[in-house]
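The values are calculated or read from the model by the stated rules, or taken from the named source; none is laboratory data. Computed from a prediction, not measured in an experiment: that's the story for all the values here. Heads up, the Cβs are rebuilt from the backbone with ideal geometry, glycines too, and the neighbour counts pull from every protein chain shown.
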Amino acid sequence: MAGRGAVSLRSGDRAMYTLSTLIQGFPGRSPGQGNLGWSSVTLLARGRERYVVDTGSFGARPVLLERLRALGVEPTDVTGVLLTHAHWDHMVNWTLFPRAQVVIGRRELQWAAQSRSIHLPEAYVERLCACTRLRLTEDGEEVFPGIVAHATFGHTPGHMAFEAAGAQGPILLIGDAAKNRVELLTCELSAPEDPDEAQRSVAALWRLWRQVGGGLLVPGHDAALRLVDGRPALAQDRRQEIQAWLGDTVAQVRRFPLS
Ligand SMILES: [Zn+2]
């Protein structure tokens, strides 16, 4: 893969984004329900430019819209959607943003359009292929001012990470190139489409993270991380909870904190 991490933003780049965690990813799965699909959804904002990076799954829709509105952002205000890859838990909600350009790796969409992977939402991939707002991106491309795509193939064949010039330093949004802190720490990646490419990608991300002097890194299924003494450390508390109705009345809510 050409130029992995070679093109990188430097301080002084004109676009400085503020990051808002719209939905915090969670590193877990349920033995009885399979993949939770609780993925990270992030907003990068600069003036009237608003970019949503990954979009979560169907269940995340009410929370996603509520959090955007709390920031004063209507779905029609979103100028771009950046998809790290085409798995269902990251991509399906691109349809919520009627004016946004939708960015995805060229190789990723080509693969998704012909793959029979059970992790792909076939109809949403098909609809994206026909979308007039679709924008296919390549390794090293500055997709919007101050936001660069990095090829991080392996988890899926055309997976992309995005590097943004943040107001408080570089921001790396790495999707499922490493899904969570422990994958990043150990470089043990669960079920990549191409294990060798996935290993090269996570190594390249480590080089990039160090090269840009740390900064925030948002994995696909975990809280944002910072580099502290060479190790990934939580930059925000993990805040997730399951509420369940296991008693005899609706008022009896059992809360299971997942922190
Ligand atoms: Zn994935």
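Results for (1) within 14 Å of the ligand (Cβ to nearest atom); (2) in a loop (DSSP other than H, G, I, E, B); (3) under 23 Å from LYS179 (Cα atoms), shown as yes or no for each residue.
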residue: LEU64; (1), (2), (3): no, no, yes
residue: ARG69; (1), (2), (3): no, no, no
residue: ALA86; (1), (2), (3): yes, yes, yes
residue: ILE104; (1), (2), (3): yes, no, yes
residue: TRP111; (1), (2), (3): yes, no, yes
residue: LEU120; (1), (2), (3): yes, yes, yes
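If I ask for residues that are more than 16 Å from the ligand (Cβ to nearest atom) and among the hydrophobic types (A, V, I, L, M, F, W, C), which ones from region 215-238 would you list?
Hits for region 215-238 are LEU216, LEU217, ALA223, ALA224, LEU225, LEU227, VAL228, ALA233, LEU234, ALA235.
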Selected residue (criterion: farthest from the ligand (Cβ to nearest atom)) from residues of region 88-102 that are among the polar types (S, T, N, Q) and in contact with a Ser or Thr (Cβ under 8 Å, 6 or more places away or on another chain): GLN101
Whichever residue in region 122-140 is free of Cβ contacts under 8 Å to residues at least 12 places away in the same chain and more than 16 Å from the ligand (Cβ to nearest atom) and, among such residues, is farthest from HIS85 (Cα to Cα): THR132
Leading residue by the ranking (surrounded by the most Cβ atoms within 10 Å (Cβ to Cβ)) among those in region 213-226 that are under 19 Å from the mean Cα position of the chain (by Cα) and at pLDDT below 95: GLY215
Qualifying residue in region 18-27 (condition: surrounded by 22 or more Cβ atoms within 10 Å (Cβ to Cβ), touching a residue at least 12 places away in the same chain (Cβ under 8 Å), within 15 Å of ALA224 (Cβ to Cβ) and touching a helix residue (DSSP H, G or I) at 6+ places or on another chain (Cβ under 9 Å)): yes
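Looking at region 194-217 only, could you name the residues that are farther than 23 Å from GLY34 by Cα and either part of a strand (DSSP E or B) or charged (D, E, K, R) (or both)?
Of the residues in region 194-217, the ones farther than 23 Å from GLY34 by Cα are 196-197, 199-217.
Once the filter is applied, which keeps residues that are farther than 23 Å from GLY34 by Cα and either part of a strand (DSSP E or B) or charged (D, E, K, R) (or both), region 194-217 yields ASP196, GLU197, ARG200, ARG207, ARG210, LEU216, LEU217.
Could you tell me which residue of region 225-242 is farthest from LEU172 (Cα to Cα), considering only residues that are in a strand (DSSP E or B) and in contact with a strand residue (DSSP E or B) (Cβ under 8 Å, 6 or more places away or on another chain)? First the steps, then the outcome.
Keep residues of region 225-242 that are in a strand (DSSP E or B), which gives 225-228, 231-234, 241-242.
With the extra rule that they be in contact with a strand residue (DSSP E or B) (Cβ under 8 Å, 6 or more places away or on another chain), the set shrinks to 225-227, 232-234, 241-242.
Working: LEU225: 10, ARG226: 10, LEU227: 12, PRO232: 13, ALA233: 14, LEU234: 14, GLU241: 26, ILE242: 28 Å.
This residue is ILE242.
I need the full set of residues from region 42-80 which are acidic (Asp, Glu), out of contact with any Phe, Trp or Tyr (no Cβ under 8 Å at 6 or more places or on another chain) and surrounded by 13 or more Cβ atoms within 10 Å (Cβ to Cβ), in order please. Please lay out each step first, then the result.
Initial filter on region 42-80 (acidic (Asp, Glu)): 49, 54, 66, 74, 77.
When the remaining residues are screened for being out of contact with any Phe, Trp or Tyr (no Cβ under 8 Å at 6 or more places or on another chain), the result is 54, 66, 74, 77.
Answer for region 42-80, where residues must be acidic (Asp, Glu), out of contact with any Phe, Trp or Tyr (no Cβ under 8 Å at 6 or more places or on another chain) and surrounded by 13 or more Cβ atoms within 10 Å (Cβ to Cβ): ASP54, ASP77.
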Residues that are over 10 Å from ALA112 (Cα atoms) and of a type in the set (D, E, K, R), drawn from region 122-136: ARG127, ARG133, ARG135
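When region 38-52 is examined, which residues are found to be within 14 Å of the ligand (Cβ to nearest atom) and under 14 Å from VAL73 (Cβ atoms)? Break it down into steps so the answer makes sense when it comes.
Start the filter on region 38-52 by keeping residues that are within 14 Å of the ligand (Cβ to nearest atom), which leaves 38-41.
VAL41, the sole residue that qualifies.
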